[in-house]
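Worksheet for the structure shown next.
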Amino acid sequence: NFDKYEDIPVEVAPSMEKIGVRSIETFQDDLGLAGPIMDNINRAGYKKPTPVQKFALPILVANFDIMACAQTGSGKTAAFLFPMISVILKAPPAPPAGNGRSSYPRGLILAPTRELVQQIFDEARKFCYKTGLRCAVAYGGGENIRDQLREVERGADIIAAAPGRLVDFMERGKVKLCDVMFLCLDEADRMLDMGFEPQIRRIVEDSDMPGNDMRQTLLFSATFPREVQRLAQDFLRRDFATLTVGRVG
Ligand code: ADP
Ligand code: MG
């Protein structure tokens, strides 16, 4: 029941009017999400966007970077997955996502734990149904590395990954970040707490290669400490939007 979120204050800076996008009351209205993803949203039974989705979706579809703060359970996953899938589907046809040896993902999501990565992967697969996009997952701490590698070698358009395992796959030449157009750091505060900053910096730098000035970068976090603000300053384009739902922290 998301009605409990209705009264939560939302702040967007610069204002939505300045950014030039309108907020939306329904998913369909004025959002321009690609068709197949609308079918999947309807199939999932999502009737109304949550506050973070209501504001993040139009900002992201309008190609802005974002630093978004909202509490756990407020629907942040869909807030980055829907625009990610839509933007990828609407982009000019890309070279194949793989060549039988490695993946060239266009969407990349980093999250701190295997459980979170797995959840994001499950949601990504659900919302990619019938879009033709392939998803893969990368996290450590299990016997699953062979399965993960096989999927990555087949070529994935979207990869959900824990930073350490992704760097491992990059070093093996299994994942190439030169085509990443949509990079999301989910639970950024927790990733920093867990000491993943060096891996995150390496991943962002690798997806920042010459010729890839298209990249849209998203930072999602439940809290907004100084270290997260520093990542935003370092990684996001200068005109990025900040979205705060409820009280920070
Ligand atoms: P967060 O990442 O902010 O903690 P999640 O993205 O995991 O939250 O979402 C929490 C739950 O709410 C998930 O089960 C998700 O499927 C569901 N959910 C998200 N957005 C909507 C929506 N607009 N309508 C109905 N359910 C939703
Ligand atoms: Mg989440």
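The values are calculated or read from the model by the stated rules, or taken from the named source; none is laboratory data. A quick note: this is a predicted structure, and the numbers were derived from the prediction, not measured. A quick note on method: Cβ atoms are made from the backbone with ideal geometry, for glycine too, and the neighbour counts reach across all protein chains shown. Ligands, DNA and RNA are stripped out before the accessible areas are found, and what is left, the full protein with its side chains, is counted by its heavy atoms. Shrake-Rupley method; radii C 1.70, N 1.55, O 1.52, S 1.80 Å.
When the helices of the chain are scored as -39500 (n - 2.57) per DSSP H run of n ≥ 4 and the total is divided over every residue, the value at 222 nm lands at -11500 deg cm²/dmol.
Give the peptides 159-165, 41-47 in descending order of average Cβ contacts within 10 Å, highest first. Don't skip to the end; give the middle numbers.
Details: 159-165: 25.4, 41-47: 12.9.
Ranking, from highest mean packing down: 159-165, 41-47.
What accessible area per residue comes out for segment 120-249, rounded to a whole number of Å², with a 1.4 Å probe?
On the way: 6160 Å² over 130 residues.
It amounts to 47 Å² per residue over segment 120-249.
For segment 152-249, the carbon plus sulfur part of the accessible surface works out to 44%, probe radius 1.4 Å. Summing charges over all other residues whose Cβ lies under 11 Å from the Cβ of Tyr139, with Lys and Arg as +1 and Asp and Glu as -1, gives 0.
In order along segment 193-201, the phi-based Karplus estimate (6.51 cos²θ - 1.76 cosθ + 1.60, θ = phi - 60°) of 3J(HN,Hα) comes to 4, 8, x, 8, 4, x, 5, 4, 4 Hz; Gly and Pro are listed as x.
Simple spin-label estimate for Cys178 and Asp208 gives 1.9 nm between the two label positions (7 Å along the Cα-to-Cβ direction from each Cα). Between 0 and 90 degrees, rounded to the nearest ten: what's the tilt of helix 51-61 against the longest Cα principal axis of the chain? Tilt relative to the chain: about 60 degrees. Between Ala136 and Ile158, Ile159, Ala160, the built amide H atoms are under 5 Å apart, and every one of these is 5 or more places off in sequence or on another chain. Between the beta carbons of Arg22 and Asp234, assuming R0 = 41 Å, the FRET efficiency works out to 0.85 to the nearest 0.05.
State the Cα centre-to-centre distance between segment 180-208 and segment 57-80 in whole Å. Here the two parts' Cα centres lie 16 Å apart.
Could you grab the relative contact order for the chain? Cα pairs under 8 Å, six or more apart, rounded to a whole percent.
For the chain, the relative contact order is 27 percent.
The lysine pair tally for segment 1-141, using Cα distances under 17 Å and a gap of 8 or more places or different chains, is 11. Placing dummy labels 7 Å off each Cα toward the beta-carbon, the span from Ala94 to Ala13 is 3.3 nm.
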